[in-house]
Amino acid sequence: MADDKSEQSGAPAAAGKPAATPYPELFGNVRITGDLLTADATRPWFAGVPADKPHHQYVIWLGCQMLRTAHLAQTLDDVMKHFSVDQVMLGGPSNCCGTVHHGRGDVAIGESMTRQTVSKFDAFTPEQLLYWCPSCDNHLRIKGEEFSTETTRNRISVIEFLSRAASKEKFTVDVPLRVAVHMHHGFVEQDKDTAGIKNLLSMIPGLELIDMPQLEDIGRHCSDGTLKKYGKEKFLTELAEWIAEAKRRGADRVISVYHSCHRQLVIAQLGKRAEDRVGVENYLTLMARSLSLPLREDVFTKLTSLGDVDEIMEAMSDRIQKAGIDPGRARRALTAHFASNGPPNKA
């Protein structure tokens, strides 16, 4: 996109530090991954604003990184349509909040990106903005009045919205599972999301929530920044121990709340024996089960579990062809997001 500031090159790496992935490669990998993961289905999000700029009651802001777990966006779209919500989704690198650029010191690019994204929200003249990503929400909060519009001021999380919109009688299918929910706490927004998740899951018949202690000091969600601050190896080790404890307590599934957490719950189990692993699902998938909606394929887990890039390319060959993406470029994106996570599950 000509007006997409997210993929500008940015400042060079500081002396003595490894070069950061250039923005065109970094965000290009995300965009291509999103295209590939939805190549055999309808992509629910817009990258830009349609020429006629139709009004929608709600704008759902996915951010950019959710595209790596595209089935979550698809499932969210299914749930919203089931609830007859008038909404439009904006996602991908051209709807970045700018926090990545700020983190690299490219403040001007980041601010331009934020301004561009906010203008897209306003173009739909929504009554409310529903955000998915905790980092995106927090970045707008940090920037304060600088990028404040009526739309951004009137925003709530997707979880808070769903918790209000759902009612017990809408969930008609039993989901006989014992689940452990991976949650973040210590922030007002995440504590509110935790309450919303517990309320939503309490409406699903047959579902049993296992009481679990949560990891401490792990930020708002399992973002790359959290892993870097915490120490990636230490974080994944402790997350794997948390999953093992959930299994000891009888969990059939571990449940993710945010997209980044979904990825790390999968990655933390790489190399484990099949009998030691616990399936990972998002709360949206549990909702879809009980609402009798189609279950979208979790391609992230499928490809991450393969691990080997040649196997991944073979598994994605039809999608690469359908999406019309150069195989060499597709290989780089798939390697970055799926083949670089650690040892594959072979047990």
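The values are calculated or read from the model by the stated rules, or taken from the named source; none is laboratory data. Everything quoted here is computed from the prediction, not taken from an experiment. Positions of Cβ are backbone-derived with ideal geometry, glycine not excepted, and every protein chain shown enters the neighbour counts.
Tabulated values for the structure
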{"item": "Residue 262 being assigned to a helix (DSSP H, G or I) and either in contact (Cβ under 8 Å) with a residue 40 or more places away in the chain or among the aromatic types (Phe, Trp, Tyr) (or both)", "result": "yes"}
{"item": "Output for segment 82-137, where each listed residue is under 14 Å from residue 46 (Cβ atoms) and in contact with a His (Cβ under 9 Å, 6 or more places away or on another chain)", "result": "87, 88, 124, 126"}
{"item": "Answer residue from segment 282-304, given it is polar (S, T, N, Q) and touching a strand residue (DSSP E or B) at 6+ places or on another chain (Cβ under 7 Å) and is farthest from residue 36 (Cα to Cα) among those", "result": "282"}
{"item": "Qualifying residue in segment 48-66 (condition: touching a Lys or Arg at 6+ places or on another chain (Cβ under 6 Å), at pLDDT below 90 and either of a type in the set (Gly, Ala, Ser) or closer than 19 Å to residue 124 by Cβ (or both))", "result": "no"}
{"item": "Residues within segment 68-117 that are part of a helix (DSSP H, G or I), touching a residue at least 60 places away in the same chain (Cβ under 8 Å) and either over 27 Å from residue 282 (Cβ atoms) or of a type outside the set (Gly, Ala, Ser) (or both), tallied", "result": "17"}
{"item": "Candidates 307, 279 - the one that is touching a strand residue (DSSP E or B) at 6+ places or on another chain (Cβ under 8 Å) and surrounded by fewer than 21 Cβ atoms within 10 Å (Cβ to Cβ)", "result": "279"}
{"item": "Hits in segment 184-196 (condition: of a type outside the set (A, V, I, L, M, F, W, C) and either farther than 24 Å from residue 240 by Cβ or not in a loop (DSSP other than H, G, I, E, B) (or both))", "result": "189, 190, 191, 192, 193, 194, 196"}
{"item": "Total residues in segment 155-210, condition β-branched (Val, Ile, Thr), under 20 Å from residue 295 (Cα atoms) and surrounded by 15 or more Cβ atoms within 10 Å (Cβ to Cβ)", "result": "7"}
{"item": "All positions within segment 147-183 that are part of a loop (DSSP other than H, G, I, E, B) and in contact with a Phe, Trp or Tyr (Cβ under 9 Å, 6 or more places away or on another chain)", "result": "149, 166, 182"}
{"item": "Filter result (under 25 Å from residue 110 (Cα atoms) and among the acidic types (Asp, Glu)) within segment 33-65", "result": "35"}
{"item": "Test result for residue 231, small (Gly, Ala, Ser) and in contact (Cβ under 8 Å) with a residue 12 or more places away in the chain", "result": "no"}
